[in-house]
Amino acid sequence: MNNFYVLNLPDIKLGLDDLFTKRHAALLTSKVGKGHEDILAFQRKAIDALPPALTGGKPLAEELSGVDSEHDGSGGGIWHMTEAYLRAPKVEPKVVDAARRIRAAFIPELGQLQDSYANEAEAAARRKGELSNLEADLKLIPVAGGGTLYDWAVMYLSAGEKLSVLLSQRADIDSKKRKNAQALRSETVGILNELRAGIARELARNPELPKDLDGQIFGYFDTLEAQREAQNRAAKAAKGKAEGTKGE
């Protein structure tokens, strides 16, 4: 029987969801399991009530990814459209000049689309004034569907501003909530270890219980614990390697 040590809140959330669905019948097979059902359900409810950013929830991450795709798509479109006008022969000089000004103002380097969310948000705020300054230039270059590069620039900057809003929302999780979440994590790990020890004692006294009851109840938690241990080891090794390289 192994105790749990390194499970984090996302792991515990996944494990409890699994325990109360796929493994619920196994939990109720033993008296100890029945006795822990209510407290585990309470812990699960408390964890589910935490902000998604503390439990590995996907909604905010998916929103950030979606907005970033809109930002990168429109920004890439602007870069490639100006690239076309800068490369193509026999383009009117005023259009070439407009393309050059647009490129310099909004996306000088295509690689900037690989920047962090925070950097992209900062750049959007910094470039917002260029939208009115270069409105005539932007509207000089049409795009399919009846619009112009002005529409793409609006989309590009708006997406950058949305990234800032989403990042701010994620940062709104204050230190008190983080401290409470960490306490909840430690408490729940302790309850799981207590339950596992109780199951082991009951198995030793009651031969009618399934011999593999521990695995039936804690199998997924064991998998999550093993994965977390492996990730922690890999992260520690990578950190050590990076520090060693830095010292050379």
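The values are calculated or read from the model by the stated rules, or taken from the named source; none is laboratory data. These numbers come from a predicted model, not from an experiment. Neighbour counts are summed over all protein chains in view; Cβ atoms, including those assigned to glycine, are modelled from backbone coordinates with ideal geometry.
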Handout entry: Lone unmet requirement of (1) within 24 Å of Ser186 (Cα to Cα); (2) surrounded by 15 or more Cβ atoms within 10 Å (Cβ to Cβ); (3) at pLDDT 95 or above for Leu54
Key = (3)
Practice task
May I ask you to verify whether Arg87 is basic (Lys, Arg) and either within 30 Å of Val143 (Cβ to Cβ) or touching a strand residue (DSSP E or B) at 6+ places or on another chain (Cβ under 8 Å) (or both)?
Solution key: yes
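Test Ile78 against the criterion of being β-branched (Val, Ile, Thr), in contact (Cβ under 8 Å) with a residue 40 or more places away in the chain and not assigned by TED's automatic domain parsing to the domain that holds Ala183, and give yes or no.
yes
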Problem - Among (1) under 24 Å from Pro51 (Cβ atoms); (2) in contact with a helix residue (DSSP H, G or I) (Cβ under 9 Å, 6 or more places away or on another chain), the one test that Lys179 misses - result: (2)
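Quick check on my filter: what residues within segment 195-215 are in a helix (DSSP H, G or I), more than 20 Å from Lys13 (Cβ to Cβ) and of a type outside the set (Gly, Ala, Ser)?
Ile199, Arg201, Glu202, Leu203, Arg205, Leu213, Asp214
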Problem - Unique residue being part of a helix (DSSP H, G or I), in contact with a strand residue (DSSP E or B) (Cβ under 9 Å, 6 or more places away or on another chain), at pLDDT 95 or above and surrounded by 15 or more Cβ atoms within 10 Å (Cβ to Cβ) when the list is Leu138, Leu131, Leu192 - result: Leu138
